[in-house]
1. Go through (1) modelled with pLDDT of 95 or more; (2) over 23 Å from ILE181 (Cβ atoms); (3) open to solvent by less than 10 Å² (accessible area, probe 1.4 Å) and name the single condition GLY291 misses.
2. Identify all residues within the range 139-169 that are over 17 Å from the mean Cα position of the chain (by Cα) and outside any loop (DSSP other than H, G, I, E, B); write none if there are none.
3. Looking only at residues in the range 179-195 that are open to solvent by 40 Å² or more (accessible area, probe 1.4 Å) and free of Cβ contacts under 8 Å to residues at least 60 places away in the same chain, which one is nearest to ligand 2 (Cβ to nearest atom)?
4. Please give the number of the condition SER284 fails out of (1) in a loop (DSSP other than H, G, I, E, B); (2) in contact (Cβ under 8 Å) with a residue 24 or more places away in the chain; (3) farther than 23 Å from SER222 by Cα.
5. Tell me, yes or no, whether the range 145-162 has at least one residue that is open to solvent by less than 20 Å² (accessible area, probe 1.4 Å), more than 21 Å from LYS12 (Cα to Cα) and away from ligand 2 (no atom under 16 Å from the Cβ).
6. Looking at GLY42, GLY31, GLY61, GLY47, which one is touching a residue at least 12 places away in the same chain (Cβ under 8 Å) and at positive phi?
7. Within the range 326-351, which residues are modelled with pLDDT under 95, part of a loop (DSSP other than H, G, I, E, B) and surrounded by 17 or more Cβ atoms within 10 Å (Cβ to Cβ)?
8. Among the residues of the range 196-207, what is the count of those that are open to solvent by 10 Å² or more (accessible area, probe 1.4 Å) and of a type in the set (Val, Ile, Thr)?
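The values are calculated or read from the model by the stated rules, or taken from the named source; none is laboratory data. Quick caveat: nothing in here was measured; it's all calculated off a predicted structure. Counting neighbours? That spans all protein chains shown, and the Cβs are built from the backbone with ideal geometry, glycine included. Note: accessible area is taken over every heavy atom of the protein model, side chains too, but ligands, DNA and RNA are not part of it. Shrake-Rupley method; radii C 1.70, N 1.55, O 1.52, S 1.80 Å.
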Amino acid sequence: MRIQTRYLHVDKENPDYFALSQAAEIIRQGGLVAFPTETVYGLGANGLDARAVAGIFRAKGRPADNPLILHIAEVYEMKKLAAEITGQAARLMDTFWPGPLTVVVKRTRAVPDIVTGGLDTVGIRLPDSRVARDLIRLAATPVAAPSANASGRPSPTDAQAVAADLDGKIDAIIDAGSCQIGVESTVVDCTGTTPMLLRPGGVTLEMLTAVVGPVAVDPAISHKEARPRSPGMKYTHYAPAAPLWLVDSAAEDLLLREIRRNLEEGKRVGAIISREMALDIPGSVTVAVYGSRRSPSEIAEKLYGALRYFDTHPVDVIFAEGLEEKGIGLAIMNRLRKAAGGRMIHRRQSY
Ligand code: TXA
Ligand code: MG
């Protein structure tokens, strides 16, 4: 069943109170509102209302065992949701909130089962986006929100991308322009003695370690074969409109060779590459530049837009240039690997 989606335009820095109140009212009534955060757009519902949260899974086509993050506007709201906050969790929250960090903690009974997919833990995040925080405050409830894309698609970093996937399926979309960070929050499991990185994101591994010392890294982040601990990490994700091949950062020559070979076979070829690399690409290739190699944060910001570029510029195959896996590069490569679904090109190792 299609519904009429309302579009509410607000200023990112100084959001219109009336528009946000309307959106908050929809959430209080059990409806679905897509809203911007500093990372990506989220699809929000009242996080304490199981029926409302069920609507999120339906609209996205999301598997029920993939838990949602609860978004809060004030740290004290943790008390109602978290059964235990370890010292490490507290230090991380102190340092990185508001911001792109989700802490996984033991949950209380106030959190409906549907939010956590039956787990006894819950992911909680206090976003830095003014629009997001004002909306949560006005809704006066924790807001459950996954990224506002159809399940399996790249996350949306502007309202147009949300509309492309969810128009007619949700009650409203708050349009406040594009998101600054561009990849989702870092998810850290803080329930054990050593914190564990479950999903790399806006807060880098280096930043986490500087605050809490050693952080374990879920092996599934870099190696596809391992079974991820974060339920959401096991599903197809970020898939663009054509098969994507990810080329190792140290193999530019292979990237160019594969592009030429596919052109010779008569294929329409797309490339997701740096500005530096774009100069060497044959003119017949459909190119989405994701930024400069010198600015991984720019690449993070433009990554999902580049993946979605091929929705409207059809090609038969896409090649993406890899990056070094340090800083935000770890999150970027994690997403590109998932977009590639195992299609990797690297130089054969010599032993
Ligand atoms: O930046 C973000 O985090 C965005 C914005 C909207 O806040 N949200 C987002 O949500 O990316 P989503 O649902 O697309 O991704 C949430 C991730 C999934 O990989 C999920 O499995 C994991 O967080 N997660 C949530 N709760 C968890 C839990 N209790 N234990 C382990 N992983 C959890
Ligand atoms: Mg998502």
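1. Among (1) modelled with pLDDT of 95 or more; (2) over 23 Å from ILE181 (Cβ atoms); (3) open to solvent by less than 10 Å² (accessible area, probe 1.4 Å), GLY291 violates only (2).
2. ALA139 - this is the single residue of the range 139-169 that is over 17 Å from the mean Cα position of the chain (by Cα) and outside any loop (DSSP other than H, G, I, E, B).
3. Within the range 179-195, the match that is nearest to ligand 2 (Cβ to nearest atom) is THR194.
4. For SER284, the failing item is (2).
5. There is no residue in the range 145-162 that is open to solvent by less than 20 Å² (accessible area, probe 1.4 Å), more than 21 Å from LYS12 (Cα to Cα) and away from ligand 2 (no atom under 16 Å from the Cβ).
6. When all the criteria are applied, what remains is GLY61.
7. Correct list: empty.
8. Final tally of qualifying residues: 1.
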